[in-house]
Amino acid sequence: MILDSLHNAARYYDLHPNFRKAFDYVNQNDIANLEEGAFEIGEGLKLIVIVGQGNTKEEAVKGFECHDKNIDIQISIKGPETFAWKPREKCVNPNGDYSDERDVRFFHDAPDTFFELKENQFAILFPEDVHTAMIGEGLLKKIVIKVKI
(Lines give C-alpha, C1' and ligand atoms only; values in the text may rest on other atoms or scores of the structure.)
Protein backbone atom coordinates (compact mmCIF):
# COMPACT_ATOMS: atom_id res chain seq x y z
CA MET A 1 0.00 0.00 0.00
CA ILE A 2 1.11 3.52 -0.78
CA LEU A 3 -0.33 6.71 0.71
CA ASP A 4 0.57 10.12 -0.69
CA SER A 5 -0.76 13.35 -2.18
CA LEU A 6 -1.44 13.96 -5.87
CA HIS A 7 1.42 16.46 -5.85
CA ASN A 8 3.85 13.51 -5.48
CA ALA A 9 2.16 11.07 -7.89
CA ALA A 10 5.04 11.16 -10.40
CA ARG A 11 7.21 9.30 -7.89
CA TYR A 12 5.16 6.15 -8.57
CA TYR A 13 5.00 6.16 -12.38
CA ASP A 14 7.63 3.45 -12.73
CA LEU A 15 5.81 0.96 -10.49
CA HIS A 16 3.35 0.01 -13.24
CA PRO A 17 3.17 0.98 -16.94
CA ASN A 18 -0.35 2.42 -16.51
CA PHE A 19 0.26 4.51 -13.37
CA ARG A 20 1.51 7.45 -15.47
CA LYS A 21 -1.57 7.23 -17.71
CA ALA A 22 -3.89 7.07 -14.67
CA PHE A 23 -2.35 10.09 -12.98
CA ASP A 24 -2.12 12.00 -16.28
CA TYR A 25 -5.88 11.55 -16.63
CA VAL A 26 -6.37 12.91 -13.11
CA ASN A 27 -4.09 15.91 -13.78
CA GLN A 28 -5.69 16.73 -17.14
CA ASN A 29 -9.31 16.64 -15.96
CA ASP A 30 -11.38 18.54 -13.42
CA ILE A 31 -11.80 15.56 -11.08
CA ALA A 32 -13.90 17.56 -8.63
CA ASN A 33 -16.63 17.85 -11.26
CA LEU A 34 -16.58 14.36 -12.76
CA GLU A 35 -20.02 12.76 -12.89
CA GLU A 36 -20.75 9.65 -10.87
CA GLY A 37 -20.31 6.41 -12.81
CA ALA A 38 -17.75 4.09 -14.38
CA PHE A 39 -15.69 4.96 -17.46
CA GLU A 40 -12.92 3.31 -19.48
CA ILE A 41 -10.06 5.81 -19.67
CA GLY A 42 -7.53 3.69 -21.54
CA GLU A 43 -6.50 0.11 -22.13
CA GLY A 44 -6.39 -1.59 -18.74
CA LEU A 45 -7.73 1.50 -16.93
CA LYS A 46 -11.22 2.00 -15.57
CA LEU A 47 -12.26 5.09 -13.61
CA ILE A 48 -15.13 4.89 -11.13
CA VAL A 49 -16.56 8.06 -9.57
CA ILE A 50 -18.31 7.35 -6.27
CA VAL A 51 -20.48 9.80 -4.33
CA GLY A 52 -22.23 8.74 -1.16
CA GLN A 53 -22.81 9.20 2.51
CA GLY A 54 -20.01 8.08 4.77
CA ASN A 55 -20.45 4.87 6.76
CA THR A 56 -19.50 3.84 10.26
CA LYS A 57 -16.46 1.62 10.71
CA GLU A 58 -18.73 -1.25 11.72
CA GLU A 59 -20.85 -0.95 8.59
CA ALA A 60 -17.92 -0.45 6.24
CA VAL A 61 -15.92 -3.51 7.34
CA LYS A 62 -18.75 -5.70 6.05
CA GLY A 63 -17.21 -4.92 2.64
CA PHE A 64 -13.60 -5.75 3.62
CA GLU A 65 -12.16 -6.74 0.23
CA CYS A 66 -9.18 -7.30 -2.04
CA HIS A 67 -8.64 -7.90 -5.74
CA ASP A 68 -6.60 -10.39 -7.77
CA LYS A 69 -6.54 -8.75 -11.20
CA ASN A 70 -6.45 -5.02 -10.44
CA ILE A 71 -4.60 -2.45 -8.41
CA ASP A 72 -6.81 0.29 -6.94
CA ILE A 73 -5.77 3.91 -6.99
CA GLN A 74 -8.29 5.57 -4.68
CA ILE A 75 -8.32 9.38 -4.60
CA SER A 76 -10.29 11.49 -2.15
CA ILE A 77 -12.10 14.38 -3.79
CA LYS A 78 -14.42 15.40 -0.95
CA GLY A 79 -13.62 14.02 2.45
CA PRO A 80 -11.98 13.27 4.71
CA GLU A 81 -12.46 9.56 4.06
CA THR A 82 -11.30 6.81 6.40
CA PHE A 83 -10.08 3.42 5.17
CA ALA A 84 -9.58 0.11 6.97
CA TRP A 85 -6.60 -2.09 6.04
CA LYS A 86 -4.99 -5.44 6.79
CA PRO A 87 -2.38 -7.47 4.90
CA ARG A 88 -3.97 -10.27 2.92
CA GLU A 89 -1.64 -12.91 4.38
CA LYS A 90 -3.17 -12.22 7.81
CA CYS A 91 -6.79 -12.62 6.65
CA VAL A 92 -8.11 -16.07 7.52
CA ASN A 93 -11.92 -15.69 7.49
CA PRO A 94 -13.19 -15.52 3.89
CA ASN A 95 -16.68 -14.19 3.33
CA GLY A 96 -17.74 -16.27 0.33
CA ASP A 97 -15.78 -17.27 -2.75
CA TYR A 98 -13.72 -15.08 -5.04
CA SER A 99 -15.81 -13.49 -7.81
CA ASP A 100 -13.83 -13.62 -11.05
CA GLU A 101 -16.46 -11.48 -12.79
CA ARG A 102 -16.20 -8.66 -10.21
CA ASP A 103 -12.55 -9.34 -9.25
CA VAL A 104 -13.32 -9.25 -5.56
CA ARG A 105 -12.76 -11.43 -2.53
CA PHE A 106 -14.36 -10.49 0.81
CA PHE A 107 -13.22 -11.26 4.34
CA HIS A 108 -14.81 -11.26 7.81
CA ASP A 109 -11.46 -10.41 9.45
CA ALA A 110 -11.03 -7.32 11.59
CA PRO A 111 -8.77 -4.59 10.16
CA ASP A 112 -5.29 -4.08 11.60
CA THR A 113 -5.45 -0.32 11.18
CA PHE A 114 -7.46 2.63 9.95
CA PHE A 115 -6.10 5.61 8.00
CA GLU A 116 -7.57 8.80 6.59
CA LEU A 117 -7.29 10.44 3.20
CA LYS A 118 -7.94 14.13 2.88
CA GLU A 119 -8.85 15.84 -0.39
CA ASN A 120 -6.32 15.25 -3.19
CA GLN A 121 -4.59 12.45 -1.34
CA PHE A 122 -4.51 8.89 -2.67
CA ALA A 123 -3.95 5.30 -1.70
CA ILE A 124 -2.55 2.68 -4.06
CA LEU A 125 -3.91 -0.68 -2.94
CA PHE A 126 -2.29 -3.81 -4.36
CA PRO A 127 -3.78 -7.35 -4.37
CA GLU A 128 -2.14 -8.03 -0.99
CA ASP A 129 -4.01 -5.09 0.60
CA VAL A 130 -7.38 -6.01 2.08
CA HIS A 131 -9.29 -2.78 2.48
CA THR A 132 -12.57 -0.98 2.82
CA ALA A 133 -13.39 2.69 2.50
CA MET A 134 -16.19 5.27 2.54
CA ILE A 135 -15.90 5.59 6.32
CA GLY A 136 -16.73 9.08 7.48
CA GLU A 137 -19.44 11.62 8.09
CA GLY A 138 -21.48 13.46 5.53
CA LEU A 139 -21.17 13.30 1.78
CA LEU A 140 -17.96 11.77 0.40
CA LYS A 141 -16.73 11.86 -3.18
CA LYS A 142 -13.85 9.82 -4.55
CA ILE A 143 -12.48 8.26 -7.65
CA VAL A 144 -11.17 4.75 -7.94
CA ILE A 145 -8.95 3.89 -10.86
CA LYS A 146 -8.75 0.17 -11.54
CA VAL A 147 -5.35 -0.63 -13.02
CA LYS A 148 -5.29 -4.04 -14.71
CA ILE A 149 -2.34 -6.18 -13.64
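The values are calculated or read from the model by the stated rules, or taken from the named source; none is laboratory data. Bear in mind that the values here come from a model prediction, so they are computed numbers and not experimental data. Cβ placement follows ideal geometry from the backbone for every residue including glycine, while neighbour counts extend to all protein chains displayed. Ligands, DNA and RNA are excluded from the accessible area calculation, which covers all protein heavy atoms including side chains. Shrake-Rupley method; radii C 1.70, N 1.55, O 1.52, S 1.80 Å.
Summary table
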read-out: Full-stretch length increase - Asn120, Asn27 - with 0.36 nm per residue and alpha-carbon distance subtracted; value: 32.4 nm
read-out: Projected-area average for region 73-149 over all orientations - Cα convex hull basis, square nanometres; value: 5.5
read-out: Accessible area of region 108-149 divided out per residue, in Å², using a probe of 1.4 angstrom; value: 42
read-out: Within a Gaussian network of the chain (alpha carbon springs, distance under 10 Å), most fluctuating of Thr132, Thr113, Thr56; value: Thr113
read-out: Rounded to whole Hz, the Karplus (6.51, -1.76, 1.60) HN-Hα couplings of region 105-112, x for glycine and proline; value: 10, 9, 9, 8, 4, 7, x, 7
read-out: Whole-angstrom Cα spans of region 49-105 along principal axes, big to small; value: 32, 23, 17
read-out: More than 12 angstrom apart: percent of Cα pairs within region 15-55; value: 64
read-out: Simple Cβ-charge dipole of the chain, Lys/Arg +1 and Asp/Glu -1, about Cα centre, in debye nearest 20; value: 180
read-out: Portion, in percent, of the accessible area of the chain that falls on carbon or sulfur, probe 1.4 Å; value: 47
read-out: Calculated over the chain: convex hull of Cα atoms, volume per residue (Å³); value: 103
read-out: 10 Å-binned pair-distance histogram of region 1-70 (Cα, whole percent); value: 15, 40, 38, 8
read-out: Sum of -39500 (n - 2.57) over DSSP H runs of 4+, divided by residues of the chain (222 nm, nearest 500); value: -2500 deg cm²/dmol
read-out: Residue-by-residue Karplus 3J(HN,Hα) for region 58-74, coefficients 6.51, -1.76, 1.60, Hz, glycine and proline x; value: 5, 6, 5, 5, 5, x, 5, 9, 8, 10, 9, 10, 9, 9, 9, 10, 10
read-out: Listed residues Asp97, Asp30, Asp72 arranged by accessible area, highest first, probe 1.4 Å; value: Asp97, Asp30, Asp72
read-out: For Ile41, distant residues with modelled amide H under 5 Å away; value: Lys46, Leu47
read-out: Accessible-area order (highest first, 1.4 angstrom probe) of the listed residues Ile71, Ile41; value: Ile41, Ile71
read-out: Relative contact order [Cα under 8 Å, 6+ residues apart], the chain, whole percent; value: 37
